[in-house]
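Novice: Below are the structure tokens for one structure; questions will follow.
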Amino acid sequence: MHAMLLVLLSLTTQSDSTPASSASAPREVVVAVCPAEFRRALAPWVAYRNGQGYDVRLVSNRGTPEQIRRRIREAASAQRLKFVVLVGDLPTGMDGKPAGDVDAAARARCVPAHYAKAKVNVRWGSEPRIPNDAWYADLDDDAVPDVALGRLTADTPDELRAIVAKILSYEQSTDFGPWRRQLNFVAGTGGFGPIIDAAIDSAARYLLINGIPADYCVSMTQANWRAVYCPDPRRINQTTIDRLNDGAFFWTYIGHARPRWLRHMRVPGKHYSLLSARDVPRLGARQGPSIALFLACYVGAIDSRPDCLAEEMLRHRGGPVAVVASSRKAMPYAMAVIGMGLIEQLFEHRCPTLGEAVLQTKRDLLAPAQNNEVRKMLDAMASLVSAGTSRLAEERAEHVMLFNLIGDPCLRLRYPRPVSLTAAPDGADRAKLAVGGNSPIAGRAVVELVRPLGRLGFTPPRRARYPDSPEALAEFERTYKKANDQRISTAELAVRPGAFHTELPLPDDLKGTYQVRAFVEGKDSCASGFVELRLGKVPEETKNSSQNDSSNERVPGT
């Protein structure tokens, strides 16, 4: 009954021009551009966001983009506009013209996009016009987005109900298991030629190794049969789906794509599908649904017919809770800057919402490199290819329009609380590592000694020729699993808030830098942390010849 009252209240108090009732202190405003037919399906979301302290205001989707943007600005007036949510698909096709398969009734459920002229990606054969949702978020006409924006690309009220239910379930989830610190990467090929494809492969490894805190667990899947992170090529499609269904904080694809499929994996004489819109019914996150990031072309073509892969994934109950993707052909340099920017917003600044993380990434994309040395190096290398920095600035500006958040910009992100750790070899028993920690919560703790990302514990096989026997192909799967397992030793224990102690087995031949990480799963939250330690040569008398760890083997090319 209480939920029903909230729904009815949200329906009766929201109109095109009337703000929700406010407390004495001004609340942050959320403007939702919502077709009349969708308002009842959106009502649980409106009630939930109002309950969080936002002032949600609904405006009509009728008229031109210019009229809609005027309503957005008027709805917020002098108060602080925080988020803009566009509810509905586009009534146009990829040529920017009215889509012939969209009848009058369906058109009334759409929110049109402002189209911008493409300047950079057209040189590589992209469409001449870009659906520019970021234009709605530009409040002062300086071509810089000012507020976080996302689009819920539902075609029907039932699809919107499914999207809303997934958003609310994600935020209200009491599952604080390991999926909240899991990051899954899938790397395909770019299709831009061997030099740029090699750069994409290097970017994938960079994102894997740098910028991600060591207390997060990372998996890599590469659609390259020579790579150590390549599973059995016959299972590349199922493996890609499995990494989505495993549940993860973020699932990221780097490579080439079209609106409804990712580029196939090619092996001598054959090719295998990675992921397509036909696979969406097989998505069913076993734990938390991921946020999907596609550093690729076209996956977010929100004006494509039929709907693009990102739209299909968003509205499927078992698919990602949100998708960040490009609507047209995207370029490697700008995508690398976007990828690094999102990592910074998530793991350094810990943005409270997905929309704010995407917004700040876009704003930083428009700015020149300043104190970021990696960005300066990337700009310098890219300027040699682009014949100057002015073209790089133009490319970055175009990608602000190309990349969209297909999902709810208000989506709240839950980060693990910090766990402090110390670790050192046990003074009395050099075969053990003494670990001390301080947890902010009670729960079940997993403490692990791990290798740094990108460093293997074995010598990888050299694949000069593609194998053709089932036995040889089975080696791919074994190697793939070993390469993605950083752990050397593990301990589990129950902890209370405050100090805890445990010991880990310490192999005697480890040399170099390693990490100890801890994850605590609690009832109301989770916590994690890590500490680095350097291990040298263990005294001869404590060596155990039965243990072996080729710890200095690194992933080829890293």
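The values are calculated or read from the model by the stated rules, or taken from the named source; none is laboratory data. Source: prediction; values computed, not measured. Neighbour counts are summed over all protein chains in view; Cβ atoms, including those assigned to glycine, are modelled from backbone coordinates with ideal geometry.
Novice: For residues that are in contact (Cβ under 8 Å) with a residue 60 or more places away in the chain and crowded, with 16+ Cβ neighbours inside 10 Å, tally how many sit in segment 261-274.
Specialist: So the count comes out to 5.
Novice: Determine which member of the set Asp364, Asp303, Asp379 is crowded, with 22+ Cβ neighbours inside 10 Å and of a type in the set (Asp, Glu). Explain how you work it out, then say what you get.
Specialist: On the way: Asp364 fails: crowded, with 22+ Cβ neighbours inside 10 Å; Asp379 fails: crowded, with 22+ Cβ neighbours inside 10 Å.
Sole residue among the options that is crowded, with 22+ Cβ neighbours inside 10 Å and of a type in the set (Asp, Glu): Asp303.
Novice: Right, next: Can you confirm whether segment 237-244 contains a residue that is at pLDDT 95 or above and more than 19 Å from the chain's Cα centre (by Cα)? Full working, then the answer.
Specialist: Kept after step one, since they are at pLDDT 95 or above, are these residues of segment 237-244: 237-244.
Filter again for more than 19 Å from the chain's Cα centre (by Cα), leaving 237-238.
Yes, that holds for at least one residue.
Novice: Just one of Met313, Met335 is modelled with pLDDT of 95 or more and in a helix (DSSP H, G or I); which is it?
Specialist: Met313
Novice: Report, by residue number, each residue of segment 163-189 that is hydrophobic (A, V, I, L, M, F, W, C) and farther than 27 Å from Leu274 by Cβ.
Specialist: Of the residues in segment 163-189, the ones hydrophobic (A, V, I, L, M, F, W, C) are 163-165, 167-168, 176, 179, 183, 185-187.
Result: Val164, Ala165, Leu168, Phe176.
Novice: Go through the residues of segment 73-90 one by one and say whether even a single one is assigned to a helix (DSSP H, G or I), at pLDDT 95 or above, of a type outside the set (Val, Ile, Thr) and surrounded by 21 or more Cβ atoms within 10 Å (Cβ to Cβ). Quick ask: steps written out before the conclusion?
Specialist: Of all residues in segment 73-90, those assigned to a helix (DSSP H, G or I) come to 73-76.
Filter once more, so that each one left must be at pLDDT 95 or above: none.
Looking through segment 73-90, none of the residues is assigned to a helix (DSSP H, G or I), at pLDDT 95 or above, of a type outside the set (Val, Ile, Thr) and surrounded by 21 or more Cβ atoms within 10 Å (Cβ to Cβ).
Novice: Quick one: in segment 139-172, which of the residues that are among the small types (Gly, Ala, Ser) and buried (at least 16 other Cβ atoms within 10 Å of the Cβ) is farthest from Gln360 (Cα to Cα)? Talk me through it step by step, then tell me what you get.
Specialist: Here is the first cut: in segment 139-172, the residues among the small types (Gly, Ala, Ser) are 143, 148, 150, 154, 162, 165, 169.
Right, trim to buried (at least 16 other Cβ atoms within 10 Å of the Cβ) and you get 148, 150, 154, 162.
Details: Ala148: 9, Gly150: 14, Ala154: 26, Ala162: 28 Å.
Checking each candidate, the answer is Ala162.
Novice: Of the numbered conditions (1) touching a helix residue (DSSP H, G or I) at 6+ places or on another chain (Cβ under 6 Å); (2) modelled with pLDDT of 95 or more; (3) surrounded by 20 or more Cβ atoms within 10 Å (Cβ to Cβ); (4) in a helix (DSSP H, G or I), Ala203 satisfies every one except a single condition; which is it?
Specialist: So Ala203 meets the others, but not (2).
Novice: Scan segment 58-70 for residues that are surrounded by fewer than 19 Cβ atoms within 10 Å (Cβ to Cβ) and either over 22 Å from Glu311 (Cβ atoms) or assigned by TED's automatic domain parsing to the domain that holds Leu314 (or both) and jot them down. Full working, then the answer.
Specialist: Our first condition is that a residue be surrounded by fewer than 19 Cβ atoms within 10 Å (Cβ to Cβ); within segment 58-70, this holds for 60, 62-67, 70.
Within segment 58-70, Ser60, Arg62, Gly63, Thr64, Glu66, Gln67, Arg70 meet the criteria.
Novice: Check Gly288, Gly211 and return the single one that is at positive phi and either under 15 Å from the mean Cα position of the chain (by Cα) or not in a loop (DSSP other than H, G, I, E, B) (or both). Steps first, please.
Specialist: On the way: Gly288 fails: at positive phi.
After ruling out the rest, the residue left standing is Gly211.
Novice: What residue, of Val164, Val111, Val147, Val122, is touching a Gly at 6+ places or on another chain (Cβ under 6 Å) and not assigned by TED's automatic domain parsing to the domain that holds Val299?
Specialist: Answer to the check: Val111.
Novice: Residues of segment 107-135 being among the β-branched types (Val, Ile, Thr) and in contact (Cβ under 8 Å) with a residue 12 or more places away in the chain, which ones?
Specialist: Correct list: Val111, Val120, Ile130.
Novice: Do we have any residue at all in segment 510-523 that's touching a Pro at 6+ places or on another chain (Cβ under 6 Å) and outside any strand (DSSP E or B)?
Specialist: no
Novice: Residue by residue through segment 507-558, note down the ones that are among the small types (Gly, Ala, Ser), at pLDDT 50 or above and under 28 Å from the mean Cα position of the chain (by Cα). Before you say what the answer is, go through the steps one by one.
Specialist: Pass one, segment 507-558, residues among the small types (Gly, Ala, Ser): 512, 518, 522, 525, 527-529, 536, 545-546, 550-551, 557.
Of the ones still in play, those that are also at pLDDT 50 or above are 512, 518, 522, 525, 527-529, 536.
Within segment 507-558, Ala518, Gly522, Ser525, Ala527, Ser528, Gly529 qualify.
Novice: With Phe176, Phe192 as the choices, which residue is at negative phi, modelled with pLDDT of 95 or more and among the aromatic types (Phe, Trp, Tyr)?
Specialist: Sole residue among the options that is at negative phi, modelled with pLDDT of 95 or more and among the aromatic types (Phe, Trp, Tyr): Phe176.
Novice: Taking Trp251 as meeting all but one of (1) closer than 21 Å to Ile163 by Cβ; (2) touching a Pro at 6+ places or on another chain (Cβ under 6 Å); (3) not small (Gly, Ala, Ser), write down the number of the exception.
Specialist: (2)
Novice: How do the pairs read when you match residues in segment 322-339 that are charged (D, E, K, R) with residues anywhere that are surrounded by 24 or more Cβ atoms within 10 Å (Cβ to Cβ), using Cβ under 6 Å and keeping only pairs 6 or more apart or on different chains?
Specialist: Filtered contacts from segment 322-339: Arg328/Ile130; Arg328/Leu402; Lys329/Cys297.
Novice: Taking Gln345 and the conditions (1) under 30 Å from Trp225 (Cα atoms); (2) touching a Cys at 6+ places or on another chain (Cβ under 6 Å), which numbered condition does it fall short on, given that it satisfies the others?
Specialist: The one condition Gln345 does not meet is (1).
Novice: Only one residue in Ala445, Ala474, Ala431 is of a type in the set (Gly, Ala, Ser) and loosely packed, with under 14 Cβ neighbours inside 10 Å, so which one is that?
Specialist: Ala474
Novice: Going by the conditions given, is Asp307 closer than 27 Å to Ala99 by Cα and touching a residue at least 12 places away in the same chain (Cβ under 8 Å)? Break it down into steps so the answer makes sense when it comes.
Specialist: Details: closer than 27 Å to Ala99 by Cα: yes; touching a residue at least 12 places away in the same chain (Cβ under 8 Å): yes.
When the stated conditions are applied, Asp307 passes them.
Quick grid of which residues meet (1) under 20 Å from Asp138 (Cβ atoms); (2) at pLDDT 95 or above; (3) of a type outside the set (Lys, Arg); (4) part of a strand (DSSP E or B):
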residue	(1), (2), (3), (4)
Ala3	no, no, yes, no
Val7	no, no, yes, no
Ala20	no, no, yes, no
Ala43	no, yes, yes, no
Arg49	no, yes, no, no
Val56	no, yes, yes, yes
Arg62	no, yes, no, no
Arg69	yes, yes, no, no
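Novice: Which numbered condition in (1) surrounded by 24 or more Cβ atoms within 10 Å (Cβ to Cβ); (2) outside any strand (DSSP E or B); (3) not small (Gly, Ala, Ser) is the only one that Trp251 fails?
Specialist: (2)
Novice: Would you kindly identify the strands (runs of 3 or more DSSP E) lying entirely within segment 371-463 that contain at least 1 residues that are in contact with a Ser or Thr (Cβ under 8 Å, 6 or more places away or on another chain)?
Specialist: In segment 371-463, the matching strands (runs of 3 or more DSSP E) lie at 403-406, 432-439, 443-450.
Novice: Any chance you could count how many residues in segment 350-370 are small (Gly, Ala, Ser) and out of contact with any Leu (no Cβ under 7 Å at 6 or more places or on another chain)?
Specialist: Residues in segment 350-370 being small (Gly, Ala, Ser) and out of contact with any Leu (no Cβ under 7 Å at 6 or more places or on another chain): 2 in total.
Novice: Going by what's in this entry, would Asp307 be described as of a type in the set (D, E, K, R) and more than 25 Å from Ala116 (Cβ to Cβ)?
Specialist: No, not satisfied.
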